[in-house]
Amino acid sequence: MRSLLALFLASVAVPAIAAPDLAMVAQITDEAMNRGEAVETAAYLSDRIGPRLTNSPSMRTATSWTQDKFKAWGLTNVRTESFDFGRGWSIESASVTMVAPRRMELRTLPVAWTPATPAGGITAPVIVAPMRKPRDFAEWAGKLKGKIVAVSFPRSPADATKPAFARLDDKAIGELDEFQQPVTAPDDGDGWFKYLQWGKELDAFLAKEGAVGWVRMSYRDNGLLHGEGYQHRDTPKLPGLELTAEDYRRIARLASQGEVILAINSQVKFDDSDANGYNVLADIPGSDAKAGYVMAGAHLDSWVAADGATDNGAGSAVVMEAARILAALKVKPKRTIRFALWSGEEQGLWGSSNYIERHLVSRPANPDPVKARLSYDFRMNQYPIEKKTDYNLMAAYFNMDNGGGKLRGIHAEGNFAAVPTLREWLSPFASMGASTVVASPTGGTDHELMAAMGLPAFQFIQDPLEYGTTTHHSSVDTFDHLRPADLRQASVIMASLLWEAANADKPLPAKPLPTKPKMTDPFRYEDPDKKD
C-alpha cells in the first residue's frame, strides 16, 4: 500500500509532459527527406554567393536572397532589422611574393578591414619582430622604417595527435553531461576588449615607426589561412596580410640568415554606402498572439577565407529549411514561429545582441563609454536586468552554429526545468542519433547572451566532423566539407522541435533572472600575471 501511495503521490506531484506529435514528425520527416532543399540552399549560399562578411557586397546579396526565399515559401512579415555596425570590406586580389633570396609565390590572405597597398604593391625587406603586448614596442623602436614587419612569433609545428575528422560516440556525448556552476555575471568582455585594443595599438606603433606593411602567421598548419580582423569600427593605417604557417616559418628562418625581400599586393575595397548591418527575420504566424513566439536562429555572416559553408552556411540552410518544411505543410501553430538569420556574429554577436536590446532586455543605463562600442554591452555586469515586453513572449530559442555535422542532442544550458521536456521532444529521433540532453552549456554563438539573460535558449550538440580541426574560419570552409544526410537530419529535428515548442501548453521554463552575485570565493588570490 505504501508503494502504491508513493506512486500515486508522485504522479500527482509531477505534471505530465505531453507526448511528441508523432504524426507531424512523420510529415516533417517525409518533406525533408523526399522533397528537401537544405542541400541546395547550402550550396547556393556557399558556391554561388560565397563569403559573407558583414556589410560586404556578398553579404548584402545573401540578405536579399534569403528574404526572397522566405517570401517564395509563403512566410509572413519577412523583414530586416538594422543595427549600427561599421564599414563594409571585400577582397579583389592579393599576393605575396618572396623576391629574395629566391623567387617564390607565398600563400596569403589580407587581414579583414586592413587597407589596400598602393596599386602596384610594395616591395621591401622583411624584419621578424614578434610583438604580443605594448611592452614589446621598446625592443623594436627605431628599427622598422621602410620594412615589412613579420609580427608573429614563428611557433613550431604541432604534432597531430587527434584525428582531423570525428563523429561523437556515446562516451563523448556523455562527457558533456556535467553540471557547471551557473555564472550570473558572465565574462565582462575585458579579454575581448584588450584584444581589440591591441590591434589598434600595434597598427599605430608600426605606422609611427615608418613600417610599410605587416604579415602574420596563420594559427593552423597544413596551408590553412583565416584572415580574421576586427577593425570594422576603425580603419587601420597599414596593409596587413596573413601567411600560411609553413611559408611564415620559411621567411623567418631565411631572415635569421640574411636579407629577405617580399613584394606584397593587397587590393581590397571599403564600402561606406551603409554602416548598418542587417538581421533577416521571417514568421509563420500563430493563432494566439498572447501565447508568444518560438524562434530558430543561425548566423548568415562568415569570414572571407573561403565560402562560409560550415560556419555558418550549414546552420542558415537548416533554419531556412525548417521554415520551408513547416510552410509547405501549411501548419497553423498556436505560437508564432520566427526564423532569424543573424549578421555580425563573427565580430562578437552584434546582430543577436541588437535583437536582445531591441526586443528582450534593456541596455545598461550607463554603459562603459568605450566598451559600449562592443556588442558585449549585456556582459558588463550591469544589474538589475530589466525585461522588455518580448522577454516573456519568447517561449523557446533554438540555435545551430557548430558546423554541418549531424545533430546528436541539445545543451540544456543549465536549465534543469527544461530537461524533461527537451528529452521528450527529442525521443522520436533516437534512431537518427539525436536523443541526448546534456547539462553543460556551450558558448561563442548567438544563443549565448539570451541564455545568460535567463531565457530558454539552446544550442544543439553536433558531430564535429572537421569543424574544429580544419574548416572553422579557414580557407577550406567550402561545400565539400558538408554532409547532405546530416543537413537533412538536422532540418527534421529543427522543424520538429519548433513545432512542439509552438504548440506546447506552456512555454519552456526560463532560468532565474540573473542578479548581481556575491564573491563566491573570498579567499582565492588572483595571479597578477593573469591580468597582464
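Does any residue of the stretch 133-150 turn out to be hydrophobic (A, V, I, L, M, F, W, C), surrounded by 15 or more Cβ atoms within 10 Å (Cβ to Cβ), more than 20 Å from Ile251 (Cα to Cα) and touching a residue at least 24 places away in the same chain (Cβ under 8 Å)? Checking the stretch 133-150: at least one residue is hydrophobic (A, V, I, L, M, F, W, C), surrounded by 15 or more Cβ atoms within 10 Å (Cβ to Cβ), more than 20 Å from Ile251 (Cα to Cα) and touching a residue at least 24 places away in the same chain (Cβ under 8 Å).
Number of residues in the stretch 237-290 that are assigned to a helix (DSSP H, G or I) and over 27 Å from the mean Cα position of the chain (by Cα) equals 12. On the stretch given as the stretch 309-337, residues that are more than 19 Å from Glu37 (Cβ to Cβ) and either buried (at least 24 other Cβ atoms within 10 Å of the Cβ) or β-branched (Val, Ile, Thr) (or both) total 3.
The residues listed here are Ala94, Ala129, Ala119; of these, the one that is surrounded by fewer than 19 Cβ atoms within 10 Å (Cβ to Cβ), more than 25 Å from Ala298 (Cα to Cα) and either assigned by TED's automatic domain parsing to the domain that holds Ala252 or modelled with pLDDT under 95 (or both) is Ala119. In the stretch 400-419, the qualifying residues are those that are out of contact with any Pro (no Cβ under 8 Å at 6 or more places or on another chain) and of a type in the set (D, E, K, R), and the one that is farthest from Ser46 (Cα to Cα) is Arg408. Residues that are among the hydrophobic types (A, V, I, L, M, F, W, C) and touching a helix residue (DSSP H, G or I) at 6+ places or on another chain (Cβ under 8 Å) within the stretch 48-95 comprise Ile49, Leu53, Ala62, Trp65, Phe70, Trp73, Leu75, Val78, Phe83, Phe85, listed in sequence order. Is it true that Ala418 is in contact with a helix residue (DSSP H, G or I) (Cβ under 7 Å, 6 or more places away or on another chain) and either of a type in the set (A, V, I, L, M, F, W, C) or crowded, with 22+ Cβ neighbours inside 10 Å (or both)? Against the criterion (in contact with a helix residue (DSSP H, G or I) (Cβ under 7 Å, 6 or more places away or on another chain) and either of a type in the set (A, V, I, L, M, F, W, C) or crowded, with 22+ Cβ neighbours inside 10 Å (or both)), Ala418 does not qualify.
Does Ala452 meet the test of being under 18 Å from the mean Cα position of the chain (by Cα), in the same structural domain as Tyr397 (by TED's automatic domain parsing) and over 26 Å from Lys171 (Cα atoms)? For Ala452, the condition - under 18 Å from the mean Cα position of the chain (by Cα), in the same structural domain as Tyr397 (by TED's automatic domain parsing) and over 26 Å from Lys171 (Cα atoms) - is met.
The values are calculated or read from the model by the stated rules, or taken from the named source; none is laboratory data. This is a predicted model, so every value here is computed, not measured. Ideal geometry is used to build each Cβ from the backbone, glycine not excepted, and the neighbour counts take in all protein chains shown.
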